[in-house]
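Following: one structure in structure tokens, then a few remarks.
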Amino acid sequence: MVADRALRTLGRALRGRIETDAAARARVAGDGSHLRGAPLARVVPADADDVVALVRWARRHRIGLVPRGAGTSLDGESVPADGTVVVDLGPWDRILEISASGRWARVQPGVVNGRLQEAVAPLGLFYPPNPGSWRTSTIGGNVGTNASGPRSFRYGATRRWIRAVEVVLGTGERLRLGSRAEKRSVGPDLLGLLVGSEGTLGIVTEVTVRLAPIPPVRWGLVVPLPARVRLGRVATALAAAPATGLAAVEYLDAYSAAGLAAARGAGWGRRGALLLLEVEADRVAEARARVARIRTVLRRVGVAAAVRRFPGANRLWDLRGESGRVMDERLGERIREDVAVPPDRLDGMLAAVRGIARAERVPLHTFAHLGEGSLHPNLVVDPASPRAERIRAALYAAALDRDGTISGEHGVGRLKRSHLAREIGPVGIRLLRAVRQACDPDGILNPGKLYPP
Ligand SMILES: Cc1cc2nc3c(=O)[nH]c(=O)nc-3n(C[C@H](O)[C@H](O)[C@H](O)COP(=O)(O)OP(=O)(O)OC[C@H]3O[C@@H](n4cnc5c(N)ncnc54)[C@H](O)[C@@H]3O)c2cc1C
């Protein structure tokens, strides 16, 4: 076979590890979605020069390369197309340099988000994007999907926190994008373009992230919600209220909250839907005043329940991140969606989501980054079925009708690529393809993702 012959030449081109046995290939065949691929091999390049050699080899043989971090993406972003080679950067997990005074860290792409957090915490610093997968997903993968997390309500998504990357393009050229400067104005943002490109423009070999000072007081709060609350009003009221110090505004429906309490001993102490909040302050007295303000705002929108402190803000986000896994255990295969709308359109969107679930007669459980209007409706249906495809299309239409998006944070991957044109239009697709053509003229990087078929 042509591919076998090509693989034999790879051994001469590459100094790193090449694994072609079934077990190694199976380990990198999937991601957090139901999709699976059949790669030819898993390779771990020795260094950036080796990545260059790998890309040149791939161009010569027209074999696709699929960059991979921890493989936790949820729409098939890191699922290899059949007959491609997975470039596993997970083992590239060294923290190279930390500057406390400059508030940055230079890391290899396989460094796990949570390990970076642990390394910089003793210096009084943190890395703000904290996806639910922060204990497992890598900085390279977070760059690949422009990941965000609960703290993105205040701090924004990954794109804002990347100062520079070193990358090998699909042409085989090496490039540094960005700088250590606090701000730059040098034309269009090429670095920003790479963030969220799902491994289709280049293979990131090094990342310099920005860090932020840990606030002196950081409180996790849990607020039980009444059954008939209008979540959109809650989200917009909290976002508009001054001086609350809110860093995160998260929502768990009754099913997710109860599931977490039962499975992980969350100890929320009550059945029903919950708001999970994080408040930052300089002093305890200021935090107390901020909580009082939040309570007043919530009362105005019909939430009169007590606001309870939850011990350990990070533990709160660990638990929140577990909601997906608990649903995995309880519900198994399902649609795990990720649509977002402007927060003032949340109530209409939630009604539309419920309507879709009712019309299709499927159970629905939703958790959300509420403050940003970013929803994760989970619908219990075979995700590979035509019915699932119909449901996805209806959800995306409902989000786009409200000036929203088909992906708030997970990305496009394989599952959403045929829907992308509805959001960015034919001109947007043409521009995307032109960027891809410039960076990866042979389309060898992560084929079958992001760009519509
Ligand atoms: C339980 C759970 C909770 C989650 N919660 C969140 C959440 O709150 N917010 C959120 O945004 N996402 C969330 N996710 C989705 C996922 O964790 C993120 O998309 C994450 O950024 C993927 O990181 P990874 O290391 O697993 O990357 P992978 O899945 O390995 O790769 C993701 C993409 O990045 C590309 N890539 C990886 N490394 C490189 C590299 N070095 N160079 C170029 N491209 C590369 C890949 O090709 C792929 O397209 C969650 C997933 C799970 C399973």
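Every number in this text was worked out from the coordinates using simple rules, so none of it is lab data. Fair warning: this is a prediction, and the values are worked out from it, not measured in the lab. No Cβ is skipped: glycine too gets one built from the backbone with ideal geometry, and neighbour counts run over all protein chains shown.
Some points to look at:
- The ratio of the alpha-carbon radius of gyration of region 333-423 to the globular-protein estimate 2.2 N^0.38 Å is 0.96.
- In region 217-329, the convex hull through the Cα atoms has an average projected area of 6.5 nm², a quarter of its surface area.
- Nearest-0.05 FRET efficiency for ALA13 and ARG325, computed from C-beta distance (R0 51 Å): 0.85
- Positive-end residue of LEU370, PRO386, VAL353, charge dipole of region 333-423 with Cβ unit charges: PRO386
- Hypothetical label at SER385: residues of region 312-352 whose amide nitrogen lies under 18 Å (7 Å Cα-Cβ projection): 328, 330-337
- Backbone phi angles across region 206-216, fed through the Karplus curve with coefficients 6.51, -1.76 and 1.60 (θ = phi - 60°), yield HN-Hα couplings of 7, 9, 10, 9, 7, 10, 10, x, 5, x, x Hz in residue order; Gly and Pro are listed as x.
- Amide hydrogen neighbours beyond the local backbone of GLY272, cut-off 5 Å, H modeled: ALA258
- Counting only Cβ charges, +1 for Lys and Arg and -1 for Asp and Glu, the dipole size of the chain around its Cα centre is about 780 debye.
- Under conditions of 4 °C and 1.567 mPa s, region 2-88 yields 101 µm² s⁻¹ as its translational diffusion coefficient, taking Rh as the Kirkwood radius over Cα pairs in the Stokes-Einstein equation.
- Annotation for region 253-283: trypsin sites (Lys or Arg not before Pro) lying in DSSP loop with at most 15 further Cβ atoms inside 10 Å of their Cβ are ARG270, ARG271, ARG283.
- Relative to the longest principal axis of the Cα atoms of the chain, helix 346-360 runs at roughly 70 degrees.
- Normalised contact order of the chain, rounded percent, pairs of Cα under 8 Å and 6 or more residues apart: 16
- Alpha carbon Rg of region 95-213, scaled by the compact-globule rule 2.2 N^0.38 Å: 0.98
- Distance between modelled label sites at VAL427 and ALA48, nm, 7 Å Cα→Cβ extension: 3.7
- Whole-Hz ³J(HN,Hα) from phi, Karplus 6.51 cos²θ - 1.76 cosθ + 1.60, for region 47-54, glycine and proline x: 6, 5, 4, 5, 5, 4, 4, 5
- Calculated on C-alpha atoms, the gyration radius of region 193-234 divided by its Kirkwood radius gives an Rg/Rh of 1.25.
- Förster-model FRET efficiency, 25 Å R0, ALA434 and SER179, C-beta, rounded to 0.05: 0.50
- Cα gyration tensor, region 116-166 - rounded (a/c under 1.5), prolate or oblate: rounded
- Relative to the dominant Cα principal axis of the chain, helix 284-300 is inclined by about 80°.
- Once backbone amide H atoms are built at 1.01 Å from N, THR138 has ALA70, ASN113 as its partners under 5 Å, excluding neighbours fewer than 5 places away on the same chain.
- Label-to-label distance for ALA263 and ALA121 is 2.3 nm, based on points extended 7 Å past Cα in the beta-carbon direction.
- The chain - Kirkwood radius from inverse mean 1/r over Cα pairs (Å): 22.8
- Maximal additional length on extending the GLU286-ARG56 stretch stands at 77.1 nm, based on 0.36 nm per residue less the C-alpha distance.
- 3J(HN,Hα) from dihedral phi, region 365-377, Karplus parametrisation 6.51/-1.76/1.60, rounded to Hz, x for glycine, proline: 9, 10, 10, 7, 7, 4, x, 9, x, 9, 10, 10, x
- Cut-off under 5 Å, modelled amide H: who pairs with GLY312 long-range: GLY220
- Global form of region 295-453, assessed from the alpha-carbon gyration tensor, a/c cut-off 1.5: prolate
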